[in-house]
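As C-alpha cells, the structure follows; a few thoughts come after it.
Just so you know, all these numbers are worked out from the coordinates, no wet-lab data involved. Keep in mind the model is a prediction, meaning the values are calculated, not measured. Glycine also receives a Cβ, built like all others from the backbone with ideal geometry; neighbour counts cover every protein chain displayed.
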Amino acid sequence: MNLMNDLANSDPEVADMLLRELKRQEEGIELIPSENYTYRSVLQAMGSVLTNKYSEGYPKKRYYGGNEIVDEVEILAIERAKKLFGCEHVNVQPYSGSPANQAVFFALLSLKDKFLGFSLTSGGHLTHGSHVNFSGKNYVCISYDVDKETEMLDMAVIHELAKKEKPKMVISGLTAYPRKIDFKAFQEIAEEVDAYQLADISHISGLVVGGAHSSPVPYADVVTTTTHKSLRGPRGAIIMSKMEDRLHEIHHPEKKTKAGEPFSLARLIDSAVFPGLQGGPHDHSTAARAVAFAEALKPEFKDYAKQIVKNAKALAEELMALDTKLVTNGTDNHLILIDLRPEDLIGKGGPIQNALDEAGITVNKNTVPYEPSSPFHPSGLRLGTPAITSRGMKESEMKVIAEGISKVIKSKGDAEVSEKVRENILELTKQFPLYPGLSILK
Ligand SMILES: *Cc1c(COP(=O)(O)O)cnc(C)c1O
C-alpha cells in the first residue's frame, strides 16, 4: 500500500516536503534526545479516520454521539498504560507534555502558589517554572539548581530549600540532566512539607518502563510523561496519579462531592484536563498511544531501553577519550551534555550545532550549568541516543559518531571538515535503513 499516492496527486508541494524530510531523517544521525523514530503502526494509527471524530468527555460519559468505538479505543489505551506503568489512575487525553503539566498545575495549585522546580539552565523544562512560561508567570517558582562542582543535584540542598520555602508542589524531572533522579527522596521531601510531588518523566519514560531507570510511580502523587520521546509513540502525553488525594484536608478541603466525599486526586486531574483546559481529545493519537503502549509492553522493549543507555555510555566514553568535556563527566541515562567552555567556544553552541547539521548530525544547542552566556547563545550541546537506538545502532557505531562530532568541534565549525564528516555519516546511515520496506512515500 502506498499511503502517499493521494497526497502526491492532490498536493505535490506538501508531498515533496514530506519526501525530503524522510530523506533528511534517513541520511542523518538523529541525536536530539527528545526525538525518536516511531513505529510504522503508530504512523498508520495517526493517519487514520479517528482524526474525524469528536469525543469531549471520558469513556461512557461523552457529550457527543457515535463514540462507541472511540470509547473502546480510549479504554484500551488506559488499560495498557496502567499495565505498563503500574499506576492507579491515568488520563490519556493531554495533547502534549506542556498541556499535561499545565493541567497538573491547574488541578493542584491556585494562582501565585509556590512550587519548587529544576532550573531551566541546568536541566529542567520550561514548564518547571521558567519566567517566560505560564508556570513561572502564574505561579511562584523557587528554582533548585545543580551543585557547581559536581554539576549534579544535591538532595540535601533541595531538602533545606523545601523546608525553608514550604512549597505546595515539588517537581522532579529533566530535559537536559544526564544523571538519574531519586524520586523516592523527592517524595520524602514533599511529604515532610505537605507538598505534592509531580514527577515529569517525559524524557525518560521509555527507560522507566524498560527497567533502565527507577520508576516514580510507586512514590509520586502525580507523574506526567510525553509519549513521543524515549517511549517511542505518537506526539502526546499522559498524566498518571494516585487515586486518593493525601493532602485533601490541607490543600483542598472545599473540594467535596454533593454527598460530602472528598474529591479524589484522580478526579482533580481529570476535570483539569477536561473541561478545565482542553476540548475534544485527539482520538487518532489515543489509538496510536495504545499501539505504542503495546509495543512497550513487549519483552524486546526492555532490551531497547537498556541499549539506549549502553549507547549513551559508549558515546560518552568515546567523546571523553577524544578530549571532549561532558557535563558531570558522563551519563547514567540516554542524554549527554557537551560542555564547549573548555574548547574556547563560550556562547558558540549555535554555530557548532549548524556545523554538525552540515555534517548530517542533528543535535541541539543547550545551556550548561551556570551558563556564562545566554539561553539563545549557549555554551553546550545536548545529545541523546533513543532515535539512533531505534534504528538498530550499537556501541561500535557510537565510535564513528563520536569521531565525527569531535572533528567538527575541534575544527570550530570548519565547513570542509563538516563536508568530510558528512561522507562518513552517509556511509553509516546507509547501513541502517529507516522504515525498511515501508512505502509511505516511495
Ligand atoms: C518535552 C518535555 C515537556 C513538554 O512536552 P511537549 O510535548 O513539547 O509540550 C515537558 N516536560 C519535560 C520534562 C519534557 O522533556
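Could you work out the relative contact order of the chain, using alpha carbon pairs under 8 angstrom and six or more residues apart, expressed as a whole percent?
22 percent
Among DSSP bridges having both ends in the stretch 38-194, what percentage is antiparallel? Round to the nearest 5.
Taking every DSSP beta bridge with both residues in the stretch 38-194, the antiparallel ones total about 20 percent.
Can you give the extra length, in nm with one decimal, that the chain gains between Ile346 and Tyr64 once fully stretched, where that is 0.36 nm per residue apart less the Cα-Cα distance?
Result: 96.0 nm gained on full extension.
Amide H neighbours of Val170 under 5 Å, at least 5 residues apart or on other chains, H built in the peptide plane: list them.
Under 5 Å from the amide H of Val170 lie the amide H atoms of Leu116, Tyr196, Gln197, Leu198, each far enough along the sequence or on another chain.
Post the alpha-carbon centroid distance, the stretch 77-141 to the stretch 33-70, in whole angstrom.
The stretch 77-141 and the stretch 33-70 have Cα centres spaced 22 Å from each other.
How large is ³J(HN,Hα), in whole Hz, for each residue of the stretch 205-214 in order, when computed from phi with the Karplus curve 6.51 cos²θ - 1.76 cosθ + 1.60 and θ = phi - 60°, using x for Gly and Pro?
Coupling constants for the stretch 205-214: 4, x, 5, 4, 6, x, x, 9, 8, 5 Hz.
Can you list residues from other chains, or at least 5 along the same chain, whose modelled amide H is less than 5 Å from the amide H of Ala237?
Amide H to amide H, under 5 Å and 5 or more residues apart or across chains, Ala237 pairs with Ser96, Thr227.
Dividing the Cα convex hull volume of the chain by residue count, how many Å³ per residue is that?
144 Å³
Just in the stretch 335-425: which trypsin sites (Lys or Arg not before Pro) are loop by DSSP and have at most 13 other Cβ atoms within 10 Å?
Listed in order of number, the matching sites are Lys394.
Nearest-5 percent of antiparallel DSSP beta bridges in the stretch 115-254?
Counting only bridges with both partners in the stretch 115-254, antiparallel ones make up about 25 percent.
Looking at the chain, send over the antiparallel percent of its DSSP beta bridges, to the nearest 5.
That works out to approximately 55 percent antiparallel.
Note down the nm distance, to one decimal, between modelled labels 7 Å out along Cα→Cβ at Lys298 and at Glu160.
5.0 nm
At 7 Å along Cα-to-Cβ for each site, give me the label-to-label distance between Glu423 and His131 in nm.
Output for this residue pair reads 5.0 nm.
Can you give me the long-range amide H partners of Tyr144? Hydrogens built in the peptide plane at 1.01 Å from N, cutoff under 5 Å, separation of 5 or more residues or another chain.
Placed amide hydrogens put Gly117, Phe118, Ser119 under 5 Å from Tyr144.
If each residue of separation counts as 0.36 nm, what is the full-extension length gain between Ala259 and Leu18 once their alpha-carbon separation is subtracted?
81.3 nm
Are there any trypsin sites (Lys or Arg not before Pro) in the stretch 84-152 that are in a DSSP loop and have at most 12 other Cβ atoms within 10 Å? List them by number.
Those satisfying the criteria are Lys112, Lys148.
So how much slack lies between Ile250 and Lys412, counting 0.36 nm per residue of separation and subtracting their Cα-Cα distance, in nm?
Length gained, Ile250 through Lys412: 52.7 nm.
Convex hull over the Cα atoms of the stretch 270-353, averaged projected area in nm²?
Reported value for the Cα convex hull: 9.4 nm².
Normalised by the number of residues in the stretch 19-151, what is the relative contact order in percent for Cα pairs under 8 Å and 6+ residues apart?
Value for the stretch 19-151: 12 percent.
Mind checking the stretch 249-307 for trypsin sites (Lys or Arg not before Pro) that DSSP puts in a loop (not H, G, I, E or B) and that have at most 13 other Cβ atoms within 10 Å?
Lys258
Could you run the Karplus curve 6.51 cos²θ - 1.76 cosθ + 1.60 with θ = phi - 60° over the stretch 134-146 and give me ³J(HN,Hα) per residue in whole Hz, x for Gly and Pro?
3, 5, x, 7, 8, 10, 9, 9, 9, 8, 9, 10, 7
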